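Only one structure is covered here, and it is reproduced in the block below.
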Amino acid sequence: MSSIAFLKLAYTAAWIIYLGYLARILLRMKTVEAEREELERTTAKSAAALKHPVS
Amino acid sequence: MKKLAITSIVLIVALLGITSYFALAVAPTEATMGDVQRIFYYHVSSGWVGMLCFFVNFVASIVYLWKRSAASDALAEASAEVGVVFCGVLLLLGTLWAKPVWGIWWTWDARLTTTLVLWLIYVSYLVLRRFSAGGQTQVLAAAFAIFGFADVPIVYMSIRWFRTQHPSPVIGGGAGSGMAPAIWHVFLLTLVAFTILGAVFVWLRYKLATQEQALESAHAQAALKGVA
Amino acid sequence: MSVLRLTRATLMKDLRMEWRSKDAINSMLFFALLVVVIFSFAFNPTAEESRLIAGGLIWVAFLFAAVVALNQTWARELRNQVLDAYRVSPAPPNALFLAKALGNFLFVVVLECLMAPLFVIFYELRSVGPLWQLIVVALLGTWALVVNGTFFAALSIRTRSREIMLPLILFPISIPALLGMVDATTSILTGEASPDFWIKMLAVYDIVFTAICLLLFETVLNAE
């Protein structure tokens, strides 16, 4: 492998690692937000159910 | 969330792009090693950010043990993870630089070995955080972080002595060993840009950590109220 | 109750219980023996080679054996809610830590004394350098492993995969100490270099980390 190939590999790897890590953080943020909304929906539902019991 | 994602992607790509452009196109070709020397800009800058992050982790851990604030714990977690990533890039780029220039992927010389040990210590910190069950992860992790950072000078000294006794090929000259002005300028630029890059990553990861903390306490609240 | 008296009381209790069951010492001994035998198949050294690699071999065997001892450090306390009792009592937590660390230290040192003749036999070992230096290195190095190991064993009590967690977090931090022990032992056995630097470094390591352990143990005990 020529030394230029190593140079290209190095910079490509660096870009992939940094952007990949960024993607991981953003995806996890999305998941946490979705979970948060889910939680809020279920608490709102249960709170409403408590206020107006079906029976 | 969308806005945050777009801003951070643009910012990070811009920082990587500018530094890559300067490192690959603007900086002059080095006389002895040729173009492959350009790896050096990313290699050293990543290392610098990694070490900075580990220091932030140390300070944040002490603050956490003292103040017990969620924010300092989030910062400790964020800086450790970002530090491991950047230090990992340092190690990887180091091997990719070593092979064409020195003919070997790796050698147990003082600098490389010290960096590897440091990286291992902070990986074990992250493993401890991941595998801790129960609500006291933060305290245990913070205590461990102090051990880890206190070890840094000892690791450095002992490996340096070991390598004085048993010399082996040294990878690459020192970062400041007689750099031509053009190279020095690009190096400084990359260093500053990477510091900003590191700060952006730590801030993002910190935000994620605080969000996860909030989610956890929201779950706890809901469980208490008996509604979830 | 003073720290010293409490430490002594707890230590004697642990030693007495260990003496009756000999659990830890037996498993450590057997494990170290296995490591020694397997390594001799793996490397099959000549007498000259043995002297060069013995340093590393000895300490790897002792390290693994020490982990066996460290893993069970807090098991008994956990089973009987002793830690909770300790937390609510006015007793100084450092006494508990010191007692545990000293207990482990004694176990591992006993192991080293039992294994030493075996190493001499299996690897035709003969020390070129002075023996007392070997003893100093062994004592300082064992304490380095045991003091951090006892502390990290407390850290990993409530983790998943507890047995694997302890070596995972102990080994990276112990690398300078291990390096010192191995290189000093090799230097003394081959007589080729002076172990003075390593002895000083191990002493510094011991002092720094014993201090950190004592400073932070109460925090960790209360966190559990």
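Every number in this text was worked out from the coordinates using simple rules, so none of it is lab data. All of these numbers come straight from a predicted model, not from anything done at the bench. Every residue, glycine among them, receives a Cβ derived from its backbone with ideal geometry; neighbour counts consider all protein chains shown.
Summary of values
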quantity: Euclidean distance of C-alpha centroids, the stretch B:1-52 and chain A, integer Å; calculated: 25
quantity: 222 nm mean residue ellipticity, helices alone, for the protein assembly as shown (DSSP H n ≥ 4; -39,500 (n - 2.57); rounded to 500); calculated: -29500 deg cm²/dmol
quantity: Neighbour net charge for C:P92 - beta-carbon separation under 15 angstrom, K R +1, D E -1; calculated: +3
quantity: B:A180/B:T95 FRET efficiency (R0 25 Å; Cβ-Cβ; nearest 0.05); calculated: 0.45
quantity: Alpha-carbon centroids, the stretch B:190-205 and the stretch B:106-121: separation in whole Å; calculated: 23
quantity: Average silhouette area of chain C, convex hull of alpha-carbon atoms, in square nanometres; calculated: 12.3
quantity: Rg/Rg_ref, chain A, where Rg_ref = 2.2 N^0.38 Å and atoms are Cα; calculated: 2.34
quantity: Sites C:S2 and B:A199, calculated FRET efficiency, Cβ-Cβ separation with R0 51 Å, nearest 0.05; calculated: 0.55
quantity: Binned Cα-Cα distances of the protein assembly as shown, short to long, each 10 Å bin given as a whole percent; calculated: 4, 16, 23, 23, 19, 11, 4, 1, 0, 0
quantity: Exercise: per-residue mean of other protein chain Cβ atoms within 10 Å, A:39-46; calculated: 3
quantity: Reach of C:K100 by Cα under 13 Å, taken over aspartates and glutamates that are not fewer than 8 positions away in the same chain; calculated: C:D14, C:E18, C:E77
quantity: D (Stokes-Einstein, µm²/s), Kirkwood Cα radius, the stretch C:112-207, 1.306 mPa s at 10 °C; calculated: 110
quantity: Proxy reagent accessibility, fewest Cβ within 10 Å first, across B:I62, A:I25, B:I6; calculated: B:I6, B:I62, A:I25
quantity: Spin-label model distance (nm) - C:I53 vs C:R160, 7 Å beyond Cα toward Cβ; calculated: 3.8
quantity: Alpha-carbon centroid distance for the pair the stretch C:179-223 / the stretch C:94-140, whole angstrom; calculated: 14
quantity: Partner chain coverage, peptide B:104-117 - average Cβ within 10 angstrom; calculated: 1
quantity: Chain C: most fluctuating residue of C:S40, C:S89, C:S127 per GNM, C-alpha cutoff 10 Å; calculated: C:S89
quantity: Ascending count of other beta-carbon atoms within 10 Å, so fewest first, for B:H219, A:H52, B:H43; calculated: A:H52, B:H219, B:H43
quantity: Förster radius 60 Å - calculated FRET efficiency between B:T7 and C:A193, Cβ distance, rounded to 0.05; calculated: 0.55
quantity: Cα-based reach from B:K99 at 23 Å (exclusive), listing lysines while leaving out same-chain residues under 8 positions away; calculated: A:K8
quantity: Reachable lysines from B:K3, criterion Cα separation under 22 angstrom, eight or more residues apart if same chain; calculated: A:K30, B:K207
quantity: Percent of Cα pairs exceeding the 23 Å cut-off, where the set is the stretch B:1-146; calculated: 49
quantity: Label point distance in nm, C:Q81-B:A14, each placed 7 Å from Cα along Cα→Cβ; calculated: 6.0
quantity: Distance (nanometres) between label positions extended 7 Å along Cα→Cβ at C:N26 and C:L139; calculated: 3.1
